[in-house]
Amino acid sequence: MRASRVFVIAGREARSIVASPSGAIIIGTFWAVAGLILMSLLFQYRDGVLRLAQTSGMQTGPRGLHINDWVIRLLVQNMGTVLVLFVPLLTMRGFAEERRTGNLELLMSQPVRGAELLLGKFLGAQLSLLACLAVLIPHAVVLAVVSTPDWVWAATAVFGLLLVGLLFGAVGTLLSVLSRSQIEAGVLSLGALLLLAMGPGSLASGRGLAAAIGRYLSILGRFEDFARGVMDLGHVAFFLGATLVILALALRSLDLVRWQG
Amino acid sequence: MDTGTAASHAEESPLIEAIGLSKAYGAVQAVQDLSLSVHRGEILGLLGPNGAGKSTTLRMLIGFQFPDVGEIRLDGRNVFREGDTARFELGYMPEQLPLYAEMPVRSYLGYFARIKGVPSPRKSVERVVERLDLGAVIGRSCGNLSRGYRQRVGLAQALLADPQVLILDEPTSGLDPNQIHDFRELIRGLGRDRAVLLSTHILPEAMAICDRVTILNRGRVVASGTPRDLAAGDSALHWARLRTTVNPGDDDVGRFGLVPEGEAGVYSVQRDLTPEEARTLLGRIVTEGWELLEWHAGAAGLEAVFRRLTLGEESAAFGDGASEGTAEQSAPDPQDPSGAIADAPADPASRTREENGIENGPKAGQGSFFPKRGGRR
């Protein structure tokens, strides 16, 4: 596999999303939603601090209302949920639209391997997701101005968000490979990500094997640890492994498309 | 194709080679036991009605679609097992060129040049832009191009890596006559040192630029050969009026289907003659000193062949588009070895597959190269 071809495909894919009017709308909306979430959390944090100061005279700090716990954790957790809605919008075009227009046929006539094409499309969607998540940079500036966050915690939480983005992106790419239109891919991805995000968690509360499986597969549960600033290598391996498995399935699905025509 | 070229083709392996391809979509057999080969310096036209299996065949040839059975080699490399190296020598131009509408032509070509891994993408782009005269639209978005320019951009994309193999799907579709002329000239030029396979519905195009044509119907090759051979194969339609000095013998009457007309000594041939029969009759006319009053040679043309092979003999109006001549215009000279009749072998049925240029058909029940008798008058 040649990385140069992967990056060429990824670059075009990312540009086609980010530079398009629909891409601008998606990214703009994501930024607006993220901004609203931050603003809402900051107001809650301010109100909480004021109430606590009035009642007990405590200052903010490790033993009081810390901005990491009240803002960064909740911000990142909420953005993880928002990704369920937005990742399908970024991945749905990838293969489904290329297939509908006939570009997939043209691309596959090039000296490109299926894995290169798949990784290129996947990375392209990830780059456009990074354009969405770049909203965290101004957020960090705002947080630095209003408080003194624990940056290691914040970095761990963002790292978790990126891992979730990788996994969701892989699911979206897989379903885009299997779909004949971007609408179909988008709807299927949204449904699949909702199931993936909510399903295992709903099983995890009980006891027994089902609960154990639910806890193991619970994406939100694992993500919550990152949001709390806990870097668990087991979680990292889970997200990376699941992403690779789904990408491998996508590669096999691409072969399936080539059997079906 | 001259004999020298044919001899060199026999020596070198084909640049495009498909062996025994079959592909089914559920119960529908799209392509069945299809084999073809294209050598360097050769342009092969793939003809067939809609649904004949052309698109499936092209998709398999370019490596996009797996065949159920069969093997495809481009420049000796298996297109699936050695896909990326095999496809480096492939330039493909689909019929409905799916350009990225938002990309300027320069970026589009640059993108494909980098995907193809050409050593110097910028130079490659400049080369194809110059060759296809795309300078005027190089900065324009692909979505704003006219049909003619879209086709040129598509061909430019196919030529970026200077491939040895070109597969073109309906390359002149939607072009105006001037553009069609230019495109055909271009393809002819490209075919001099490459293997070109083009799919087309336009039969005059196949006649004009293809060295060989392969006709598909219902997923099978029903005919393959040079356009001239295929058309000449159907030039069995000969009939004549002649005046004899003495009444012809029963042998001649029976052999040529001679029927006396009202005027004494005037006979007409009341059935179509094969090239061999026509040649024999001409020989009799010369040796007996009969007067040839009228001779019609039905060079039916590729269109009639196509219609007969793809519609079935009953449906095809065999005389459609036939260029018929009078004795002065088209009677073949038995002494002229270049004439269609003089070239014809002794018995069409006994022509070898090689002589017919047949690679894979026709098969039983699919029609021969020669028409049924008595279909015209």
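Key figures for this structure:
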| read-out | value |
| --- | --- |
| Sulfur and carbon atoms: percent of accessible area, the stretch A:3-260 [1.4 Å] | 70 percent |
| Average partner coverage of B:107-116, which counts Cβ from other chains inside 10 Å | 4 |
| Accessible surface, 1.4 Å probe, highest first, among residues B:17, B:130 | B:130, B:17 |
| Computed label-point distance, nm, for sites residue A:180 and residue A:43 using a 7 Å Cα→Cβ extension | 4.8 nm |
| Delta accessible area of at least 30 Å² on complex formation, residues of the stretch A:246-261, 1.4 Å probe, chain isolated as reference | A:258, A:259, A:261 |
| R0 of 60 Å, Cβ-Cβ distance residue B:291-residue B:50: FRET efficiency to nearest 0.05 | 0.75 |
| Minimum 50 Å² accessible area buried by the other protein chains, the stretch A:91-122 residues, probe 1.4 Å, relative to alone | A:103, A:105, A:106, A:109, A:110, A:111 |
| Per residue solvent-accessible surface (Å²) - the stretch A:3-260, probe of 1.4 Å | 45 Å² |
| Per-bin percent of Cα-Cα distances, the stretch B:139-182 [10 Å] | 25, 51, 23, 0 |
| Residue B:144/residue B:123 FRET efficiency (R0 30 Å; Cβ-Cβ; nearest 0.05) | 0.70 |
| Sequence of A:151, B:290 when ordered by accessible area, the most exposed leading, probe 1.4 angstrom | A:151, B:290 |
| Buried on assembly, the stretch B:59-87 (at least 30 Å² less accessible surface than by itself, 1.4 Å probe) | B:59, B:64, B:66, B:84, B:87 |
| Under 12 Å, Cβ to Cβ, from residue B:101 - net charge with Lys/Arg +1 and Asp/Glu -1 | 0 |
| Label-point separation, residue A:81 to residue B:27 (7 Å along Cα→Cβ), nm | 5.1 nm |
| Two-decimal log10 I(q)/I(0) for chain A, as the Debye equation yields it once each C-alpha is a single scatterer, q = 0.09 Å⁻¹ | -0.45 |
| Helix-only CD estimate at 222 nm, as mean residue ellipticity for chain A, using -39500 (n - 2.57) per DSSP H run (n ≥ 4) | -27000 deg cm²/dmol |
| With 5 Å bins from 0: P(r) over the stretch B:31-94, alpha-carbon pairs, percent | 3, 17, 27, 28, 19, 6, 1 |
| Around residue A:112: net Lys/Arg minus Asp/Glu count, Cβ-Cβ under 10 Å | +3 |
| At 1.306 mPa s and 10 °C, Stokes diffusion of the stretch B:1-156 via Kirkwood alpha-carbon radius, µm² per second | 91 µm²/s |
| Solvent-accessible area buried by pairing A with B, both sides, nearest 100 square angstrom, 1.4 angstrom probe | 2600 Å² |
| Protein-only accessible surface order, largest first, of A:5, B:188 at 1.4 Å | B:188, A:5 |
| Computed label-point distance, nm, for sites residue B:78 and residue B:13 using a 7 Å Cα→Cβ extension | 1.2 nm |
| Rounded accessible area of residue A:12 (nearest 10 Å², 1.4 Å probe) | 10 Å² |
| In degrees, nearest ten, helix A:151-178 long axis to first principal axis of chain A (Cα) | 30 degrees |
| Helix axis angle, A:21-56 relative to chain A longest principal axis, alpha carbon, degrees | 20 degrees |
| Neighbourhood charge, 12 Å Cβ-Cβ cut-off, centred on residue B:134 and excluding it, Lys, Arg +1 and Asp, Glu -1 | +3 |
| Cα long-axis angle, helix A:136-146 against chain A (0 to 90 degrees, to the nearest 10) | 10 degrees |
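The values are calculated or read from the model by the stated rules, or taken from the named source; none is laboratory data. Model, not experiment: these values are computed from the prediction. Note that each Cβ is placed from the backbone with ideal geometry, even for glycine, and that neighbours are counted across all protein chains shown. Just the protein is used for accessible areas: all its heavy atoms, side chains included, with ligands, DNA and RNA removed. Shrake-Rupley method; radii C 1.70, N 1.55, O 1.52, S 1.80 Å.
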